[in-house]
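These notes are about the structure you will find just below.
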Amino acid sequence: MQLSKDAVLAKANAASKNTLMETLSIDFMDFGDDFLIARMPVTSKVHQPDGVLHGGATAALAESVGSFASHVFIDTEKFFVRGLEITANHLKSISEGYVYAKATFLHKGRTTQLLDIRVTDEADNLISICRLSTISLPKKS
């Protein structure tokens, strides 16, 4: 059974309760056949000391949206997802508003997945480019 877009987004947002995603106010916004989009407000809560978005918060947003994208596309009754590696290239600073992370698959294998995550601002300016590799591992019986 395939879930509707609204059901996937509701599941993603519900799974964020009492986690880092809730702490960072990450909200899953859109979902399609090969992508997932989340947003995060840029406030003092995610700033570096000089008042711009912290790269670690950006990486946490990217890993959250990428990992959940992998999670959406596997059989969660049999498998769970873990991040293997993340890279982030920060290209532009931002001090307020929202950043949006769109995770798309570069490789969707049975065991490993590779995602491209583009982090943009509200005007669609590229803030960071991230790559995330994930692994799907069997749940113990």
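The values are calculated or read from the model by the stated rules, or taken from the named source; none is laboratory data. As the structure is a prediction and not an experimental result, all values here were calculated from the model. For neighbour counting, all protein chains shown are included, and Cβ atoms are generated from backbone atoms with ideal geometry for every residue, glycine included. Accessible surface is based on the protein model in full, side chains and every heavy atom, while ligands, DNA and RNA are left aside. Shrake-Rupley method; radii C 1.70, N 1.55, O 1.52, S 1.80 Å.
Computing Rg and Dmax of the Cα atoms in Å directly from the structure and comparing it against [x] 14.7, 49; [y] 14.0, 44; [z] 14.6, 41 singles out [x].
With R₀ fixed at 22 Å, the C-beta to C-beta distance from Asp33 to Arg131 puts the FRET efficiency at about 0.60. Give the angle, between 0 and 90 degrees and rounded to the nearest 10, that separates the Cα long axis of helix 5-15 from the longest principal axis of the Cα atoms of the chain. So the inclination is approximately 70 degrees. Only the Cβ atoms of Lys and Arg (+1) and of Asp and Glu (-1) were treated as charged; on that basis the dipole of the chain about its Cα centre amounts to roughly 580 debye. Helices in the chain, meaning DSSP H runs of at least 4 residues, each add -39500 (n - 2.57). Divided by all residues, the mean residue ellipticity at 222 nm is -7000 deg cm²/dmol.
A Förster radius of 41 Å, combined with the Cβ-Cβ distance separating Asp124 from Thr23, puts the computed FRET efficiency at roughly 0.95. Compared with the dominant principal axis of the Cα atoms in the chain, helix 55-72 is inclined by about 20°.
Take every Cα pair under 8 Å in the chain that's 6+ residues apart, average their separations, divide by the length, and report that relative contact order as a whole percent.
About 23 percent, as a whole number.
What residues from the range 1-35 fall in the zone where the backbone N is under 20 Å from a label point 7 Å along the Cα-to-C-beta line of Arg110? Only 1 pass the distance filter.
Take every Cα pair under 8 Å whose residues are at least 6 apart in sequence, average their separation, divide by the length of the range 60-123, and the relative contact order is 33 percent.
Take the chain with all the other protein chains still there, run a 1.4 Å probe, and you get 56 Å² of accessible area per residue. Considering only Arg39, Arg82, Arg118, the Gaussian network model of the chain with Cα springs below 10 Å gives its largest mean-square fluctuation to Arg82. When the range 84-141 is described by a simple charge dipole with +1 on each Lys and Arg Cβ and -1 on each Asp and Glu Cβ, the residue from Leu132, Asn89, Thr112 located farthest towards its positive end is Thr112. Using a probe radius of 1.4 angstrom, the carbon and sulfur fraction of the accessible surface of the chain is 51%. Evaluating 6.51 cos²θ - 1.76 cosθ + 1.60 at θ = phi - 60° for every residue in the range 112-124, the Karplus couplings come out as 10, 10, 10, 10, 9, 10, 9, 9, 10, 8, 5, 8, 6 Hz, glycine and proline recorded as x. Simple rule: put +1 on each Lys or Arg Cβ and -1 on each Asp or Glu Cβ in the chain, find the dipole, and look at Val42, Tyr100, Ala57; the Cα lying farthest toward the positive end is Ala57. Couplings 3J(HN,Hα) of the range 36-41, computed from phi: 9, 10, 10, 10, 9, x Hz, in residue order, whole Hz [Karplus 6.51 cos²θ - 1.76 cosθ + 1.60, θ = phi - 60°; x for Gly and Pro].
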